[in-house]
1. Scan region 59-163 for trypsin sites (Lys or Arg not before Pro) in coil per DSSP, keeping those whose Cβ has at most 14 other Cβ atoms within 10 Å, and list them by number.
2. With labels modelled as points extended 7 Å from the Cα through the Cβ direction, what inter-label distance (nm, one decimal) is found for N85 paired with E225?
3. Straight distance only, please: which lysines reach the Cα of K220 with their own Cα at less than 29 Å, same-chain residues fewer than 8 apart left out?
4. Give me the distance in nm between label points sitting 7 Å out from Cα along the Cα-to-Cβ direction at D173 and D278, one decimal.
5. Quick one: Cα centre-to-centre distance for region 127-190 and region 214-255, in angstrom?
6. Can you list the equivalent-ellipsoid semi-axes of region 110-196, largest first and in whole Å, using the square root of 5 times each Cα gyration tensor eigenvalue?
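Just so it is clear, none of the values below were taken in a lab; they were calculated from the coordinates. Fair warning: this is a prediction, and the values are worked out from it, not measured in the lab. Note that each Cβ is placed from the backbone with ideal geometry, even for glycine, and that neighbours are counted across all protein chains shown.
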Amino acid sequence: MRNTFLLLLLVFTVPVNSSLLESLRPESEVSKERIEDAVRYQLELGPRVPGSDGARNFQKWIISLYEQSDVWNAYLLPFTYKGINVANILITRNGTEFPRYLIGAHYDSRARATQEDPDVPVTGANDGASGVAAIIEMTSLLSAYDSSDIGFLLIDAEDQGYDGKGFGIDGWDWIAGSTYFVENLDQEKLNKLEYFILLDMIGNPDLVLEYEGYSTDWLKEDVWEYARSLGYNNTFIPEYGVSLIDDHRPFLDYSIDAIDIIDFSGYKEWHTTKDTMDSISIDSIAIVTDVVTNYLISSLGLEKITSSEDIMITSFPTLSSNSENAPFPLSAFFTIFVMAVVIRSRRSLVNL
Ligand SMILES: [Zn+2]
């Protein structure tokens with residue numbers, strides 16, 4: 001009896017996925033190097049908390065990245081949420097005002113690591129940067145295809161709601177950015193949009209992707225079946241997992257088909273200070289990038305129109321020396337001090 005118990009204990013303590021971990025298919029065109037660069041650079045920007053320098057520098061970087069592109073355009077869509085300036089970013093191909101198929105990821109990182117230390121912001125390697133890196137790589141790959149019906153949405157203000165232990169930002173709701181985006185689409189755009197695919201927290205080293213409960217049935221079944229046809233049978237599991245408030249929900253509320261590709265349960269560093277580069281796997285992000293990119297190419301019958309890709313990750317601006325990044329430049333203090341002295345002395349003169 002005791003032996004049986006010990007044996008059972010052994011069976012259950014062997015890491016379940018250790019022998020099942022998958023890598024990117026060797027024949028895939030996805031570049032793990034570019035994905036890694038894109039994650040690292042986002043982390044170098046610092047926390048991308050809504051309204052912060054990190055978020056503004058992220059927006060500047062994305063806009064400048066796509067200004068260099070011959071194929072894609074990025075549009076900043078600013079708005080105010082609870083007094084804070086935030087902005088979604090829409091990426092479409094030249095000549096396309098609004099896409100038929102939209103792929104999205106949130107780029108904001110949580111202002112407080114509420115599951116561990118609420119005084120520290122979350123770095124957001126997985127919870128934020130992973131989905132963005134996948135999207136940047138997808139634009140590089142799809143630039144070689146007739147992908148004018150496809151667009152991308154980088155979403156602000158997703159991750160600041162109450163997570164059971166605290167708020168990211170006091171009094172904020174979840175998914176404020178995607179809610180604003182969908183609520184402000186006119187009828188013509190709503191009619192045009194066929195579906196929305198959300199990529200969130202796709203960098204877990206033991207990535208296990210189950211069906212998210214609210215996601216549209218036909219689309220999740222289609223994507224999961226496609227992933228398995230590529231051989232990712234241990235990553236894409238066609239069984240029900242969690243149901244979540246996430247950026248796909250506003251689309252569903254407006255009767256647009258939408259799915260959430262997320263590994264929520266498996267990431268123990270969620271909303272802690274340990275959501276860093278060391279806790280994620282570039283292979284995992286690359287697998288999801290491979291699946292979604294080739295699902296679009298295959299299911300929409302996209303034609304290859306050029307052999308050369310328009311690679312987005314070419315350079316990373318140095319933002320650390322940018323004076324806008326500093327909390328408050330010393331020279332500004334000096335100027336204000338001099339002005340105050342001048343004003344004070346003039347006032348004294350008038351008073352006299
Ligand atoms: Zn989060």
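1. Hits after loop and neighbour filter: R100.
2. In this crude spin-label approximation the distance works out to 4.8 nm.
3. The qualifying lysines are K32, K189, K192, K268, K304.
4. My value for the distance between the label points is 3.8 nm.
5. 17 Å
6. Each semi-axis is the square root of five times an eigenvalue, giving 30, 19, 7 Å.
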